[in-house]
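**Student:** One structure follows; several queries about it will come next.
The values are calculated or read from the model by the stated rules, or taken from the named source; none is laboratory data. Treat the numbers as computed from the prediction; the structure is a model and nothing was measured. Glycine also receives a Cβ, built like all others from the backbone with ideal geometry; neighbour counts cover every protein chain displayed.
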Amino acid sequence: MPDKPSHSFPKGFLWGTATSSHQIEGGTLNDWTIWEPGHTHDGSISGAACDSYRRFKEDIGLAKKINSNAYRFSIEWSRIEPRQQQFSQQAIQHYQEVVDECRRQKIEPVVTIYHFTQPIWFAELGGWNNPAAPQIFNNYVLYLAQNLKRVKIWCTINEPGLYVWNAYGQGKWPPQKYGLWSWWTASNNLIKSHRLAYRTLHLMQKNCQVGIANNSQAIEPINNHCLNRFIGRIANYLINDHFFQKTAGCHDYLGINYYFHRQIGLGRRPKNQQWHNDLGWEIYPQGLYQVLMAAKKYNLPIYILENGLADSQDQHRQQFITEHLAMVYRAIHDGCQVKGYFHWSLLDNFEWKWGFKPRFGLYAVDYQSLERRPRPSSRTYAKICKNNGF
Ligand code: FCB
């Protein structure tokens, strides 16, 4: 790759990586921890995961080593509020130290408040099906806003649409209370929760930026039949627009996580020539352009808060990064206000129901010794971050 970039990104662009608490810090008093035994594909449980709860300084150092200037991580609600209304001094101090360490290393912390895991007590009260859930969540948000004043960019909820579908719609994830009604009430409570959280955060911190991270997908009907075009439009609304529209007016930016391309509808699927990652997910960089251009109508700044692949041999990651970034570059050129890109993930971690087998990290983790080793693609990304382009 030449040193002088032909694709220069706007000044101040955030180059980051993303993680989430449960996936790198491991189990606590949350619903996933009690659910995992017997439910993951490889038989593993999160345990201490990458032990990042203790090694956070080293991990922020790794983010620094690849020249990134931002780091997205999440706060574990069950550590902060292990029992309802009882906030843990030790836990909040811990996350204050994480934020301070980011600031010390000149890395912008981007903090997710809810990334798929709920405290056991909250699950026992009915989780997101409880009509009081938005208020209960808001107490936790208020506590964070009061105690984490150095955070400027908040992401309230990670992938609300995908999460409620997996946890409440289909019941593949805890709490497995599934069905249409359960899915619908959980969705509405998450929408209310974001709205409340948005107000609370702005009340406490005037100049912060608040958004959600949507799992946005490139959706196309498999052929031009009017029924398939109709199905495509419905799916597109539900997956890409529903949460953004129901929370309109409560976003300072749009958070987009991009992994999937779907050709949907009735009939025979066109033969697919694309490459795939270790989980069989199709890799389709043009889809990121499609998703960004579709989000342009909201007229808001955009952060790509997640994009990455499971690739244990690091065969495709370099190409993956440059091809996706070429699409981001093109979208910026075509008028999208993309302000940052966060690669998923900084390091290998616990991939939910898939367990530890998928390897998403720019750094490989040896789960015996917990040693972190840079993969060759991390050098590609480091160069891009340093040059603000490629
Ligand atoms: C996203 C999740 C993230 C991680 C990646 C691979 O949907 O937000 O936690 O599991 O997928």
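**Student:** In region 46-60, is there at least one residue being crowded, with 16+ Cβ neighbours inside 10 Å, part of a loop (DSSP other than H, G, I, E, B), touching a strand residue (DSSP E or B) at 6+ places or on another chain (Cβ under 7 Å) and of a type outside the set (D, E, K, R)?
**Tutor:** Yes, region 46-60 contains at least one residue that is crowded, with 16+ Cβ neighbours inside 10 Å, part of a loop (DSSP other than H, G, I, E, B), touching a strand residue (DSSP E or B) at 6+ places or on another chain (Cβ under 7 Å) and of a type outside the set (D, E, K, R).
**Student:** Being at pLDDT 95 or above, within 16 Å of the ligand (Cβ to nearest atom) and touching a helix residue (DSSP H, G or I) at 6+ places or on another chain (Cβ under 7 Å) is true for just one of 147, 158, 215. Which residue is that?
**Tutor:** None of the other options fit; the residue is 215.
**Student:** Looking at region 85-121 only, could you name the residues that are within 22 Å of residue 136 (Cα to Cα) and within 16 Å of the ligand (Cβ to nearest atom)?
**Tutor:** If the condition is that a residue be within 22 Å of residue 136 (Cα to Cα) and within 16 Å of the ligand (Cβ to nearest atom), then 111, 112, 113, 114, 115, 116, 117, 118 are the ones that fit.
Residue by residue, here is whether (1) in contact with a Leu (Cβ under 6 Å, 6 or more places away or on another chain); (2) crowded, with 23+ Cβ neighbours inside 10 Å; (3) of a type in the set (Lys, Arg) holds:
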| position | (1), (2), (3) |
| --- | --- |
| 141 | no, yes, no |
| 147 | no, no, no |
| 171 | no, no, no |
| 200 | yes, no, no |
| 212 | no, yes, no |
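**Student:** Still on this structure, please answer the following. Could you list, in sequence order, the residues of region 196-210 that are more than 19 Å from the chain's Cα centre (by Cα) and assigned to a helix (DSSP H, G or I)?
**Tutor:** Answer for region 196-210, where residues must be more than 19 Å from the chain's Cα centre (by Cα) and assigned to a helix (DSSP H, G or I): 196, 199, 200, 201, 202, 203, 204.
**Student:** Please find, within region 172-194, the residue that is farthest from residue 244 (Cα to Cα) out of those that are at pLDDT 95 or above and aromatic (Phe, Trp, Tyr).
**Tutor:** This residue is 173.
**Student:** Here is a further query. So which of 276, 316, 343 ends up being within 17 Å of residue 379 (Cβ to Cβ), surrounded by fewer than 23 Cβ atoms within 10 Å (Cβ to Cβ) and within 16 Å of the ligand (Cβ to nearest atom)?
**Tutor:** 316
Residue-by-condition table, conditions (1) part of a strand (DSSP E or B); (2) in contact (Cβ under 8 Å) with a residue 24 or more places away in the chain; (3) out of contact with any helix residue (DSSP H, G or I) (no Cβ under 7 Å at 6 or more places or on another chain):
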{"residue": "288", "(1), (2), (3)": "no, yes, no"}
{"residue": "300", "(1), (2), (3)": "no, yes, yes"}
{"residue": "303", "(1), (2), (3)": "yes, yes, yes"}
{"residue": "314", "(1), (2), (3)": "no, yes, no"}
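**Student:** Considering each of 355, 361 in turn, give the residue that is within 16 Å of the ligand (Cβ to nearest atom), free of Cβ contacts under 8 Å to residues at least 40 places away in the same chain and within 24 Å of residue 166 (Cβ to Cβ).
**Tutor:** 361
**Student:** Could you list, in sequence order, the residues of region 279-299 that are crowded, with 18+ Cβ neighbours inside 10 Å, under 25 Å from residue 11 (Cα atoms) and not small (Gly, Ala, Ser)?
**Tutor:** 285, 288, 289, 290, 291, 292, listed by residue number.
**Student:** Just a yes or no: is a residue in region 67-82 more than 22 Å from the chain's Cα centre (by Cα), at pLDDT 95 or above and not in a loop (DSSP other than H, G, I, E, B)?
**Tutor:** no
**Student:** Going by the structure shown, is residue 17 within 18 Å of residue 127 (Cβ to Cβ), within 16 Å of the ligand (Cβ to nearest atom) and not aromatic (Phe, Trp, Tyr)?
**Tutor:** no
**Student:** Right, something else. Checking the structure you have, find out if any residue of region 108-116 is more than 22 Å from the chain's Cα centre (by Cα) and in contact (Cβ under 8 Å) with a residue 12 or more places away in the chain.
**Tutor:** Looking for residues that are more than 22 Å from the chain's Cα centre (by Cα) and in contact (Cβ under 8 Å) with a residue 12 or more places away in the chain, one finds none in region 108-116, hence no.
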